[in-house]
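The values are calculated or read from the model by the stated rules, or taken from the named source; none is laboratory data. Worth saying up front: this structure is predicted, and the values here are computed from it rather than measured. Neighbour counts are summed over all protein chains in view; Cβ atoms, including those assigned to glycine, are modelled from backbone coordinates with ideal geometry.
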Amino acid sequence: MKYMLILNGDENTESGAMPSEEDLSAMGRYNEELIKDGVLLAGEGLHPSSTGARIEFDGDDRTVTDGPFTETKELIAGFWIIQAGSKEEAIERARRAPLKAGRIEVREIFDVSEFDQTNEFVQKEVQWREQTGQSRTA
Amino acid sequence: MAGADRPVAHGVSDREPTEAGSAGSAGSAETHRAIEAVWRIESARIIAGMARMVGDISLAEEFAQDALVAALEQWPRTGIPRNTGAWLTAAAKRRAIDHWRRQERLGVKYQEIAHRLHTDGPTGQPEAAVDEPIDDDLLRLIFVSCHPVLSRQARVSLTLRLLGGLTTDEIARAFLVPSSTIGQRIVRAKKTLSAANVPFEVPGRDEFAGRLDSVLEVIYLVFNEGYAATAGDDWMRPELCQEAMRLGRVLAGLVPKQAEVHGLVALMELQASRIHARTSSSGEPILLLDQDRSRWDQLLIRRGLAALDRAESLGGATGAYALQAAIAACHARASSPDQTDWERIVALYDALTQLHPSPVVELNRAVAVSMAYGPAAGLELVDELAEGGQLVEYHLLPSVRADLLQKLGRAGEARTEFERAASMAHNERERALLRERAAAVELL
């Protein structure tokens with residue numbers, strides 16, 4: 001199973017200030033342990049929302065809003081994608097992150113197999129519904 | 001604590017919470033699952049560290065298990081400590097010291113070990129014990145678990161138990177055998193290692209390459225067992241792929257200059273990237289060239305390609321795993337079957353057959369040749385193989401032959417070959433698929 005550990009933003013990550021040498025080393029050690037244990041598949045840190053943008057969808061309309069965004073705690077400052085045998089294992093990995101404050105959210109990543117897109121009959125049904133103009137209510 | 005019987009794990013939830021607000025039995029069950037997770041993460045390091053101190057992996061595992069039992073007993077009351085690895089290591093050491101004290105009168109040697117346990121980082125300050133030597137200890141544990149004195153099956157079971165932190169039950173479920181079979185296998189393996197006086201060491205230069213081959217073989221066996229899992233199987237089976245990949249990555253970190261380790265990691269990541277595309281939702285196998293490439297896992301492909309780069313930059317392009325990974329990479333890089341660099345695949349198969357001559361690899365090469373140079377060229381090779389007589393019972397030979405005949409417009413022969421392939425197939429699904437193909441030929 002793959003999990004995403006989502007690091008939430010705070011005033012610090014949003015300020016754009018670079019992390020201290022100490023914090024940087026601590027995070028480096030944490031990442032190194034994940035690598036050594038063979039479970040880190042990917043991970044990135046994000047620039048503050050002031051350099052980002054949002055696209056909102058409403059029917060055919062798209063509204064683009066530039067950052068920064070104010071609801072700091074709902075923002076994402078970075079993420080790890082790890083392999084774990086169970087949710088508890090993913091939680092235990094997250095627990096070890098060297099944070100003194102803040103929040104990490106643990107979420108399981110969908111397997112492609114959970115979406116059944118290639119099934120011949122599902123595809124046929126989709127085509128049929130499109131051709132006959134029926135909505136997908138079933 | 002000395003000499004205490006092992007508490008039964010599920011007895012823990014009967015304990016009264018000692019603090020107001022402590023969770024009841026539901027909370028305890030949660031704590032248990034959390035402790036199991038900690039065990040999965042920490043057990044290999046603890047066992048490896050203990051094995052270096054006591055020089056015996058059976059005892060090392062026993063002390064580590066004792067530490068786990070102590071955690072199951074105490075953590076639901078006290079909460080999970082901040083540094084779980086250090087806590088468990090300290091607990092395992094205390095068990096070991098108790099054990100050797102009881103054995104003390106039996107000989108000086110034991111006193112020495114007890115002394116080593118005392119001086120190897122004070123047990124009250126266990127952080128010291130989880131430092132530098134752990135990486136080496138882990139590597140030693142890998143080499144000992146995959147020691148050639150053990151049968152392949154024993155190596156696989158022992159590796160999953162000691163390095164994967166899997167329980168006997170989990171291993172048994174993954175391999176579809178009774179739990180007692182795995183239990184006996186592990187007990188016998190430990191006895192064999194002990195009888196052969198296998199030292200807890202990384203092999204020296206003269207035998208390093210051969211011993212590393214054994215480790216890689218074990219990891220790839222675990223991977224393939226998981227890869228062979230089908231839709232209705234226990235979830236532990238596909239889990240084997242994950243564990244094999246994890247072990248491969250751990251090993252790549254421990255011996256980063258060994259090209260073939262990166263080659264194996266690349267091969268596993270690239271093969272795993274196709275796991276979800278290789279069967280339909282009804283469980284029928286989908287051949288590589290018919291797979292929906294949008295379902296290939298791009299993250300694993302990227303990781304696989306990066307690992308292959310490392311293998312090649314270390315001069316390992318001609319290793320058996322790296323060659324197979326390079327073939328898988330040709331497919332991974334292509335957006336469709338006809339975008340595939342088939343000529344390169346043929347060249348890679350050439351190198352692979354020189355390294356490990358095998359009729360199955362020759363057959364795969366024939367398929368690549370047919371894609372690169374046309375079905376007639378492929379058929380010529382397949383016919384040579386058929387005449388060689390080494391694959392008489394292998395249903396994929398007539399199946400490939402039928403496919404090529406069909407492409408060449410020789411419908412009658414193609415149908416006969418598909419039917420022959422169907423009669424030789426091992427499982428019902430493949431047989432049905434081949435019969436369908438035979439029937440489809442007639443429609444042309």
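The one condition from (1) in contact (Cβ under 8 Å) with a residue 40 or more places away in the chain; (2) not in a helix (DSSP H, G or I) that B:Gly85 does not meet is (2).
When the residues of segment B:324-348 are filtered to those that are over 11 Å from B:Leu270 (Cα atoms) and either in contact (Cβ under 8 Å) with a residue 40 or more places away in the chain or in a loop (DSSP other than H, G, I, E, B) (or both), which remaining residue is farthest from the other protein chains (Cβ to nearest Cβ)? Among those that are over 11 Å from B:Leu270 (Cα atoms) and either in contact (Cβ under 8 Å) with a residue 40 or more places away in the chain or in a loop (DSSP other than H, G, I, E, B) (or both), it is B:Asp341.
Filtering segment A:71-99 to residues that are in contact with a helix residue (DSSP H, G or I) (Cβ under 9 Å, 6 or more places away or on another chain) and farther than 29 Å from B:Arg246 by Cα leaves A:Thr72, A:Leu75. For B:Thr78, work out the one condition from (1) of a type in the set (Val, Ile, Thr); (2) more than 14 Å from chain A (Cβ to nearest Cβ); (3) within 30 Å of the chain's Cα centre (by Cα) it doesn't fulfil. Condition not satisfied by B:Thr78: (3).
Out of the residues in segment B:181-232 meeting the condition of being hydroxyl-bearing (Ser, Thr, Tyr) and within 21 Å of the chain's Cα centre (by Cα), tell me which one is farthest from B:Glu428 (Cα to Cα). Working first, answer last.
To start, the set of residues in segment B:181-232 that are hydroxyl-bearing (Ser, Thr, Tyr) comprises B:181, B:192, B:194, B:214, B:220, B:227, B:230.
Still in the running and within 21 Å of the chain's Cα centre (by Cα): B:181, B:214, B:220, B:227, B:230.
Numbers: B:Thr181: 28, B:Ser214: 34, B:Tyr220: 27, B:Tyr227: 19, B:Thr230: 13 Å.
Going through the qualifying residues, I end up with B:Ser214.
Checking segment B:270-284 against the condition returns a match, with at least one residue being closer than 18 Å to B:Gly319 by Cβ, in a helix (DSSP H, G or I) and out of contact with any Pro (no Cβ under 8 Å at 6 or more places or on another chain).
For (1) surrounded by 18 or more Cβ atoms within 10 Å (Cβ to Cβ); (2) in contact with a Phe, Trp or Tyr (Cβ under 7 Å, 6 or more places away or on another chain); (3) modelled with pLDDT under 95, each residue gets a yes or a no:
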site: B:Arg188; (1), (2), (3): no, no, no
site: B:Thr192; (1), (2), (3): no, no, no
site: B:Asn197; (1), (2), (3): no, no, yes
site: B:Glu201; (1), (2), (3): no, no, yes
site: B:Gly204; (1), (2), (3): no, no, yes
site: B:Glu207; (1), (2), (3): no, no, yes
site: B:Tyr220; (1), (2), (3): yes, no, no
site: B:Thr230; (1), (2), (3): no, no, yes
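If I ask for residues that are more than 13 Å from A:Leu7 (Cβ to Cβ), touching a residue at least 40 places away in the same chain (Cβ under 8 Å) and within 14 Å of chain B (Cβ to nearest Cβ), which ones from segment A:47-95 would you list? If the condition is that a residue be more than 13 Å from A:Leu7 (Cβ to Cβ), touching a residue at least 40 places away in the same chain (Cβ under 8 Å) and within 14 Å of chain B (Cβ to nearest Cβ), then A:Gln83, A:Ala84, A:Gly85, A:Ser86, A:Lys87, A:Ala90 are the ones that fit. Considering the conditions (1) surrounded by 18 or more Cβ atoms within 10 Å (Cβ to Cβ); (2) within 14 Å of another protein chain (Cβ to nearest Cβ); (3) among the aromatic types (Phe, Trp, Tyr), B:Trp235 is excluded by exactly one of them, (1).
Every listed requirement among (1) part of a strand (DSSP E or B); (2) at pLDDT 95 or above is met by A:Ala90 save one, (1). Going by what's in this entry, would B:Leu141 be described as surrounded by 18 or more Cβ atoms within 10 Å (Cβ to Cβ) and touching an Asp or Glu at 6+ places or on another chain (Cβ under 9 Å)? The answer is no for B:Leu141.
Would you be able to say whether some residue in segment B:174-183 is of a type outside the set (S, T, N, Q) and within 14 Å of chain A (Cβ to nearest Cβ)? Before you say what the answer is, go through the steps one by one.
Taking segment B:174-183 and keeping what is of a type outside the set (S, T, N, Q), we get B:174-178, B:182-183.
Add one more test, that the residue is within 14 Å of chain A (Cβ to nearest Cβ), and what stays is B:174.
Yes - at least one qualifying residue is present in segment B:174-183.
Within segment A:43-71, being among the aromatic types (Phe, Trp, Tyr) and either surrounded by 11 or more Cβ atoms within 10 Å (Cβ to Cβ) or under 17 Å from the mean Cα position of the chain (by Cα) (or both) holds for one residue alone: A:Phe69.
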